[in-house]
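Accompanying notes for the structure given below.
The values are calculated or read from the model by the stated rules, or taken from the named source; none is laboratory data. For clarity, every value in this text was computed on a predicted model and none was experimentally measured. No Cβ is skipped: glycine too gets one built from the backbone with ideal geometry, and neighbour counts run over all protein chains shown.
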Amino acid sequence: MSLAASLKQRLFRWKSDGSGTFRLNQRRIFILPTRAGMVYAITLVAMFTGAINYNLALGHALVFMLTGLGLIGMLHTFRNLFALWITPGQSIPVFVGETAFFPMTLRNDRNISRLGLVLQADGDQEISTIVPPQDSSGIAIPVSAKQRGWLVLPKVRLSTVYPLGLLYAWSYLQPEMRCLIYPQPVFTDLPAEQSTQATGERHGNGGQEDFAGFRDHQPADSLRHVAWKASARDGGQRPLLVKQFAGGAEQELRLDWQLTPETVDSETRLAILTGWVLAADATSACYGLQLPGHEILPQRGAQHRLRCLEALALYQP
């Protein structure tokens, strides 16, 4: 570790804040002059030197007034962060390639507004906000989701240059927050459905199902299921129609790892399975997921979809 990195680690040390509400105190806030602040200080030194050389009383008065203004600005810059309460929230899962958002709530117990607050995770987009007096403000820290699995919130910098822009105050935050990242879906044709004996009374002759109507064609539907004659009656004004049947044998989808191409890597196979899960859920199909060493029985619904996506996100080949 270089001397500069070691010094930075010692001066600007930080620890995880846990998952509860925490408060910024004076030991967590750092402050340094900005580039404009350095120019301001150098200008004051030059003015003070000229006032001494030429024995200008008004020059001394002006330098002292501007110095006092800078000191007052330093105090207000520090107080803009001091005693601010931060409460972590809960992240919503996203897919690889999207942006994960880590929600936080900033609470201000004072009678003055907290203006010009900027939050940024390492290397990602900056978020600006203000917190009204005796109020709170909700923000979401964006972080790029580059790989599946759990994405832990990196170190977040909360900073401000309010009110004069001469001083830069900041604090490092790292609540124990994480976001589940699903594999990026690759959409291909769904596997063929398998018939299973449905519970209850069967309808139709010879085990055939009863026609229940039409529904709009979904991207995952096979073209052999399209009702071409019924679709032609609309003259192309509506999406293609697919026949629906009720009773008889229930159709189930088996989304199996073994049905994905063996020539691609494991991440691509997971991406294909993710696309199958989303497509099957969009058609309200009954589907199950089969991974090496892990099986999820066929079901329907949003909870089943989330369970399958979580298994794909956390799967370890």
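Among what's in region 251-260 and is outside any helix (DSSP H, G or I) and surrounded by fewer than 22 Cβ atoms within 10 Å (Cβ to Cβ), pick the residue that is modelled with the lowest pLDDT.
GLN251
Can you tell me which of (1) within 30 Å of VAL39 (Cβ to Cβ); (2) in the same structural domain as THR283 (by TED's automatic domain parsing); (3) of a type in the set (A, V, I, L, M) is the one LEU117 doesn't meet?
Looking at each condition in turn, LEU117 falls short on (2).
Report every pair of residues separated by at least 6 positions or lying on different chains whose Cβ atoms are under 8 Å apart, first residue within region 294-312 and assigned by TED's automatic domain parsing to the domain that holds THR260 and on the phi < 0 side of the Ramachandran plot, second loosely packed, with under 14 Cβ neighbours inside 10 Å and of a type outside the set (A, V, I, L, M).
ARG300/SER284; ALA311/HIS294
Tell me which residues, restricted to region 285-317, are outside any helix (DSSP H, G or I) and closer than 21 Å to GLY149 by Cβ.
Correct list: LEU289, GLN290, LEU291, PRO292, GLY293, HIS294, GLU295, ILE296, TYR315, GLN316, PRO317.
What are the pairs with Cβ atoms under 7 angstrom where one residue, in region 61-80, is touching a residue at least 12 places away in the same chain (Cβ under 8 Å) and the other, located anywhere, is surrounded by 15 or more Cβ atoms within 10 Å (Cβ to Cβ) and in a helix (DSSP H, G or I)? Sequence gap at least six, or different chains.
Listed by first residue and then by second, the contacts come to LEU62/MET47; VAL63/LEU44; VAL63/MET47; VAL63/PHE48; VAL63/ALA51; LEU66/LEU44; THR67/LEU44; GLY70/TYR40.
Please tell me if LEU158 is modelled with pLDDT under 90 and buried (at least 17 other Cβ atoms within 10 Å of the Cβ).
It is false that LEU158 is modelled with pLDDT under 90 and buried (at least 17 other Cβ atoms within 10 Å of the Cβ).
Name, by its number, the condition in (1) closer than 22 Å to ASN108 by Cα; (2) in contact with a Ser or Thr (Cβ under 7 Å, 6 or more places away or on another chain) that does not hold for LEU44.
(1)
Conditions first: (1) in a helix (DSSP H, G or I); (2) crowded, with 16+ Cβ neighbours inside 10 Å. ILE86 passes all but one, so which condition is the exception?
Result: ILE86 fails condition (1) only.
Is it true that LEU106 is farther than 30 Å from THR274 by Cβ, in a loop (DSSP other than H, G, I, E, B) and modelled with pLDDT of 95 or more?
Taking the combined requirement at face value, the residue does not satisfy it.
With PHE30, PHE64, PHE48 as the choices, which residue is touching a His at 6+ places or on another chain (Cβ under 9 Å) and in the same structural domain as LEU84 (by TED's automatic domain parsing)?
Of the residues listed, the single one that is touching a His at 6+ places or on another chain (Cβ under 9 Å) and in the same structural domain as LEU84 (by TED's automatic domain parsing) is PHE48.
Could you tell me which residue of region 261-284 is surrounded by the fewest Cβ atoms within 10 Å (Cβ to Cβ), considering only residues that are outside any helix (DSSP H, G or I) and either modelled with pLDDT of 95 or more or within 29 Å of the chain's Cα centre (by Cα) (or both)?
ASP265
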